[in-house]
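Q: Have a look at this one before I ask anything.
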Amino acid sequence: MSKQTLNVVCSGTGYFSQFHYEAWSRLDQVNLVGVCNRSIKSAEEFAQKYKIPNSSSDLEALLRETKPDLVDIITPPATHLNAVKIAAKLGIDVICQKPFGETIEVAQQMVEIAEQAGIKLIVHENFRFMPWYRKIKQVLESQVLGDVLNAEFRLRTGDGQGPEAYLSRQPYFQQMPKFLVHETAIHFIDTFRYLFGEPKSLYADLRRCNPHIKGEDSGIILFDFGDNLRAIFDGNRLLDHPTSNPRRTMGELNIAGTLGELTLDGEAKVWLRKFGEVTPIELPYPIQDQNFGGDCVFNTIEHIVNHFLTGTRLENTGKDYLTNIQLEEAVYQSATEQQKISFT
C-alpha cells in the first residue's frame, strides 16, 4: 500500500549512524520523528543536530509514543533481536544494520518473528547500492562483455596495520573473533550475488596478518557461479591500492568476458576494454562522491523509501539476506576444513 510520507525512528548514534541520519534528512517525503540511544545525552544531541522532535533511551516507549511507519536499527548485532521483537509487537516495519544479528540462528529467528507479525524486515546492506556497481550491473546486462568467465575484486583498505589499527574509527574491529569475512567480505558476497547470481560452490583460505587483532584480516575466496564463471574475492586490510580515498571503493574490480573486460579503479572510474584492443574507454555514469561509498547509504535508503511510497521492488529483505549469512558460514567452514563447499 503506497503512502505520501513516511515517519521514521532511528535507533543508535554510533559512528556509522551519521550517514543514516543525514540520508533520511535529505528526503522530503520522510519525517524523522524520533531518535533512540542507550545514552539519553547522545540521543538528545542527535535530536538537536538533525531537528528530530523526540529522543529517548527506551525504544519501546519511543515507538509507542511516535507510532512511526519504520524503525531504522543502527546498533550492534547483539541488540537486533530485541529491537525486532519490540517492533514486531507494535506492528512496525524494520530496517536492520548489518551484521544482521549475532549468528545465523538469530537472523533466522528475526525473519520468523517478522513473518509471524506481518511486518517487513529489511537489511541495510548498502554496497550493492554503490553507484559503480549499479553501472556495472547495467553493463553486464547489456552483454557487451560476451560470456563472462572471470571476475576478481581486490580489497585493499590500508587501515589494518600495527597496534593502532581501526582504533580511530571503529575500535571494536580489533576484538571481533570473525572479522574480514563477517564484517567486510559479507558486503562483497552480497554484491557478487547482485552481479553474478547464486554461487554453486566456494573455497576459502583465511589468515591473520596483524597480530594485534583477534580475527582474520586477510583471505581469498573463490566462487563458482556456473557457466564457467569464477569470481575471486582477494582481501587484505593491511595493503592499499592507488586512490585518493581508500574507503571509496575499498579496492579494484576486474570482470573479463569473451568480448572484453571491465575495470573499476580506486577513483570509482569504470573502464571498458574491448577484446583485442589496447586502450580502454571510460564509461560515464552519475555519481555523488560524498559521504560513504559514493553516497550509497542515501541510495539504499532512497530505494527503501521508493518501495514504501510507490511500490517498487524491494532488495535485501531479511529473508533473502539469510543466503548471504549462509554463504558467510560456508566460507568459514571451507577455511577450517580446507575444502570446497558445494551448494545444491
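Just so it is clear, none of the values below were taken in a lab; they were calculated from the coordinates. Bear in mind that the values here come from a model prediction, so they are computed numbers and not experimental data. Here the Cβ positions follow ideal geometry from the backbone for every residue, glycine too, while neighbour counts run over all protein chains shown.
Q: Take Gln116 and Leu167, extend 7 Å from each Cα along the Cα→Cβ direction, and tell me the distance between the two endpoints in nm.
A: For the pair Gln116/Leu167, the computed spacing is 4.5 nm.
Q: A follow-up question, please. What ranking do Leu322, Leu167 get, fewest neighbouring Cβ atoms within 10 angstrom at the top?
A: Details: Leu322 18, Leu167 13.
So the residues, fewest neighbours to most, are Leu167, Leu322.
Q: Relative contact order of segment 6-124: what whole-number percent is it, with Cα pairs under 8 angstrom and at least 6 residues apart?
A: Answer for segment 6-124 is 23 percent.
Q: Which value in nm describes the separation of the simple spin-label points at Glu60 and Asp289, placed 7 Å from the Cα toward the beta carbon?
A: If labels sit at Glu60 and Asp289, their model points lie 4.9 nm apart.
Q: Throw me the Rg/Rh for segment 80-127, computed over C-alpha atoms with Kirkwood Rh, two decimals.
A: 0.94
Q: Which of the lysines could a cross-linker bridge to Lys340, judged by Cα under 19 Å and excluding same-chain residues fewer than eight apart?
A: Lys200
Q: What's the extension gain from Lys49 to Glu267 if we count 0.36 nm per residue and subtract their Cα-Cα distance?
A: On the way: separation 218, 0.36 × 218 = 78.48 nm, distance 3.14 nm.
Stretched out fully, the Lys49 to Glu267 stretch lengthens by 75.3 nm.
Q: Pull out a ≥ b ≥ c, the square roots of the eigenvalues of the alpha-carbon gyration tensor of segment 239-344, then state rounded if a/c is under 1.5, prolate if not and a/b is larger than b/c, and oblate in the remaining case.
A: oblate
Q: While we're looking at this one, here's another question. Over the chain, calculate the relative contact order: mean separation of alpha carbon pairs under 8 Å at least 6 apart, over the residue count, as a percent. It would help to have the intermediate numbers written out before the result.
A: Working: 706 pairs, mean separation 63.8, N = 344.
Contact order relative to length: 19 percent.
Q: So, one more: What shape does segment 6-124 have by the C-alpha gyration tensor, where a ≥ b ≥ c are the square roots of the eigenvalues, rounded means a/c under 1.5, and otherwise prolate means a/b greater than b/c and oblate the rest?
A: prolate
Q: I would also like to ask the following. Quote to one decimal, in nm, the extra length available between Lys41 and Asp147 on full extension: 0.36 nm per residue of separation minus the C-alpha distance between them.
A: Length gained, Lys41 through Asp147: 32.6 nm.
Q: Expressed as a fraction of 2.2 N^0.38 Å, the rule-of-thumb size for a compact globular protein of N residues, what is the C-alpha radius of gyration of the chain?
A: 1.01
Q: Could you list Asp295, Asp265 so that the one with the fewest beta carbons within 10 Å of its beta carbon is first and the one with the most is last?
A: Ordered by Cβ neighbours within 10 Å, fewest first: Asp265, Asp295.
Q: GNM, the chain, Cα, under 10 Å: largest mean-square fluctuation among Gly146, Gly14, Gly276?
A: Checking each option, the largest mean-square fluctuation is seen for Gly276.
Q: Between their Cα atoms, which of Lys269/Lys319; Lys137/Lys214; Lys98/Lys178 are more than 24 Å away from each other?
A: Lys269/Lys319; Lys137/Lys214
Q: Determine, for Ser17, Ser39, the number of other Cβ atoms within 10 Å of each Cβ, and report the residues in order from fewest to most.
A: Numbers: Ser17 21, Ser39 10.
By the 10 Å Cβ count, ascending: Ser39, Ser17.
Q: Rounded to the nearest 0.05, what FRET efficiency do Ser25 and Glu337 have when you use their Cβ-Cβ distance and R0 = 41 Å?
A: 0.30
Q: Separate question: With each label point set 7 Å from Cα along the Cα-Cβ vector, what nm distance links Asp69 and Arg230?
A: According to this spin-label approximation, the distance is 4.8 nm.
Q: Calculate, for Lys85 and Thr310, the FRET efficiency according to 1/(1 + (r/R0)^6) with r their C-beta to C-beta distance and R0 22 Å; round to the nearest 0.05.
A: Details: r = 30 Å, r/R0 = 1.35.
Approximately 0.15, to the nearest 0.05.
Q: Pairs of lysine in segment 1-68 with Cα under 19 Å and at least 8 positions apart or on different chains: total?
A: Lysine pairs meeting the criterion: 4.
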